[in-house]
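Undergrad: Take this structure first; my questions come after.
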Amino acid sequence: MALEQFDLNGQVAIVTGAGKGVGQGIARVLAEAGATVVGTARTEADIVATIADIEKVGGKGLALTADAMSRPDGERVVDTTIENFGHIDILVNNVGGSTYARFLDITDEDFRHTFDWCVTSAFIMSQLVAPHMIEAGHGAIVNISSGSARFGIRALTAYCTAKGGLEALTRAMAQELAPKIRVNAIALGSFATDGLQTSLDMLPGSLEKMKEATPLHRLGDVEDLGRLCVYLATPGCYATNSIFHVDGGIESNNSPLPIPDY
């Protein structure tokens with residue numbers, strides 16, 4: 001009986017940035033739970049591969065190439081989803097990122113771009129999806145944040161600021177869109193993705209240092225996030241206005257990259 005509550009058959013989920021990494025893991029698990037997944041990414045080959053993998057194991061999905069920071073692209077994604085499936089039940093705002101730059105080297109353009117990448121994208125997609133959820137009388141939005149919002153990380157000032165903004169957006173939307181739409185965020189720690197590996201490759205031995213600085217002594221599994229998203233998407237879920245920390249127990253920044261003092 002309990003496991004039946006996690007059945008997402010008949011629900012339609014949009015997952016942004018689902019071409020690889022965290023978004024890909026979330027998309028796969030939502031599909032395994034029965035949801036039809038509309039995955040978006042800027043790189044066509046990536047998102048086509050994600051949806052092909054979902055369909056290969058019997059899941060249902062649709063691949064769309066789109067930039068979540070673009071309102072016209074977002075409108076096309078939402079319109080296409082409604083045209084194909086008639087409703088939208090779940091939105092996972094996963095896109096986001098930044099480049100390493102020390103505080104005094106961040107340009108205005110880089111700062112604004114990072115904010116748009118992490119926050120404006122979620123605002124646009126949520127605003128476009130919300131009317132359909134309100135009309136249906138239900139919906140779940142999950143924003144993917146980061147422990148960076150709590151701890152701060154050297155050379156990632158723009159990213160830390162943006163993720164803090166995303167969590168503030170989560171709380172504001174949760175209050176305004178209740179009771180029909182529940183809005184939560186998941187603040188990530190260090191997860192095994194190609195993006196993280198690229199950073200760790202800058203310094204040999206940094207993976208071991210990162211694990212040692214994490215109480216669970218391991219990196220996270222992207223599909224674990226998908227399982228939490230399934231819970232947050234279930235109609236009976238009582239959570240809204242919440243930030244869920246899935247980070248292996250860290251209480252401070254666990255980045256092993258040596259950024260010297262000024």
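Quick note: the coordinates plus some simple rules give every number you see, no bench work behind them. Predicted, not measured: the structure shown is a model, and the values here were computed from it. When we count neighbours, we look across all protein chains shown, and the Cβ atoms used for this are built from the backbone with ideal geometry, even at glycine.
Undergrad: Place a point 7 Å from the Cα of Phe151 along the Cα-to-Cβ direction; which residues of the stretch 242-262 have their backbone N under 12 Å from it?
TA: Only 246-257 pass the distance filter.
Undergrad: Further question: Within 10 Å of each candidate Cβ there may be at most 15 other Cβ atoms; applying that plus a DSSP loop requirement, which chymotrypsin sites (Phe, Trp or Tyr not before Pro) in the stretch 219-252 survive?
TA: Qualifying residues, ordered by number: Tyr238.
Undergrad: A further question on this structure: Loop by DSSP (not H, G, I, E, B), at most 15 other beta-carbon atoms within 10 Å: where is the longest site-free stretch of the chain for trypsin sites (Lys or Arg not before Pro)? Please list the in-between numbers first.
TA: On the way: sites that count: Arg102, Lys180, Arg218.
In the chain, the maximal stretch lacking such sites is 1-101.
Undergrad: Could you check the spin-label model distance between Tyr100 and His245? Points 7 Å from the Cα along Cα→Cβ, value in nm.
TA: Modelled inter-label distance: 2.5 nm.
Undergrad: Take the Cβ-Cβ distance between Glu208 and Leu228 as r, set R0 to 22 Å, and report the resulting FRET efficiency rounded to the nearest 0.05.
TA: Working: r = 27 Å, r/R0 = 1.22.
Plugging the Cβ-Cβ distance into 1/(1 + (r/R0)^6) gives 0.25.
Undergrad: If you take the beta carbon distance between Glu55 and Leu257 as r and set R0 to 41 Å, what does 1/(1 + (r/R0)^6) give as a FRET efficiency, to the nearest 0.05?
TA: FRET efficiency, Glu55 to Leu257: 0.60.
Undergrad: For labels at Leu216 and Ala172 in the simple 7 Å Cα→Cβ model, what's the distance in nm?
TA: Taking the two extended label points, one gets 3.1 nm.
Undergrad: A follow-up question, please. After finding the eigenvalues of the alpha carbon gyration tensor for the chain, what semi-axes result from the square roots of 5 times each, listed largest first in whole Å? Before the final figure, lay out the partial values.
TA: Values: eigenvalues 174, 78, 66 Å².
After diagonalising the Cα gyration tensor, the semi-axes are 30, 20, 18 Å.
Undergrad: Which of the listed residues, Val22, Pro258, Pro72, is farthest toward the dipole's positive end in the chain, when Lys, Arg count +1 and Asp, Glu count -1 at the beta-carbon?
TA: Pro258
Undergrad: Are there any chymotrypsin sites (Phe, Trp or Tyr not before Pro) in the stretch 124-199 that are in a DSSP loop and have at most 15 other Cβ atoms within 10 Å? List them by number. Spell out each step's value before the answer.
TA: On the way: sites: Phe151, Tyr159, Phe191; in loops: none.
Listed in order of number, the matching sites amount to none.
Undergrad: Sort Cys160, Cys118, Cys237 so that the residue with the fewest other Cβ atoms within 10 Å of its own Cβ comes first and the one with the most comes last.
TA: Sorted ascending by nearby Cβ count, the order is Cys237, Cys160, Cys118.
Undergrad: Now, a different point. Which of the DSSP-defined H helices in the chain satisfy a minimum axial length of 20 Å, computed from C-alpha atoms, and a minimum mean Kyte-Doolittle hydropathy of 0.0?
TA: Numbers: long enough: 71-85 (21 Å, -0.95); 121-136 (23 Å, 0.97); 157-177 (30 Å, 0.08).
Going by DSSP H runs, the hits are 121-136, 157-177.
Undergrad: Picking from Ala27, Ala13, Ala136, which is most flexible by a Gaussian network model of the chain using Cα springs under 10 Å?
TA: Ranking Ala27, Ala13, Ala136 by mean-square fluctuation puts Ala136 first.
Undergrad: Same structure again: If you wrap a convex hull around the C-alpha atoms of the stretch 1-114 and split its volume per residue, what is the figure in Å³?
TA: Numbers: hull volume 13.3 nm³, N = 114.
Output value, Cα hull per residue: 117 Å³.
Undergrad: Determine the alpha carbon to alpha carbon distance for each of Lys20/Lys211; Lys20/Lys180; Lys60/Lys211; Lys60/Lys163; Lys20/Lys56 and list only those over 25 Å.
TA: Details: Lys20/Lys211 22 Å; Lys20/Lys180 31 Å; Lys60/Lys211 36 Å; Lys60/Lys163 31 Å; Lys20/Lys56 17 Å.
Those over the limit are Lys20/Lys180; Lys60/Lys211; Lys60/Lys163.
Undergrad: Also, I was wondering about something else. How large is the helix-only mean residue ellipticity at 222 nm for the chain, computed as the sum of -39500 (n - 2.57) over DSSP H runs with n ≥ 4, divided by its residue count, in deg cm²/dmol to the nearest 500?
TA: Numbers: 10 runs with 115 residues, N = 262.
It comes out at -13500 deg cm²/dmol, rounded to the nearest 500.
Undergrad: Further, regarding this structure: Among Asp89, Asp46, what is the fewest-to-most ranking by other Cβ atoms within 10 Å?
TA: Details: Asp89 22, Asp46 19.
Fewest to most other Cβ atoms nearby, the residues stand as Asp46, Asp89.
Undergrad: When 1/r is averaged over all different Cα pairs and the result inverted, which Kirkwood radius in Å belongs to the stretch 134-241?
TA: Working: mean 1/r = 0.0642 Å⁻¹.
It is 15.6 Å.
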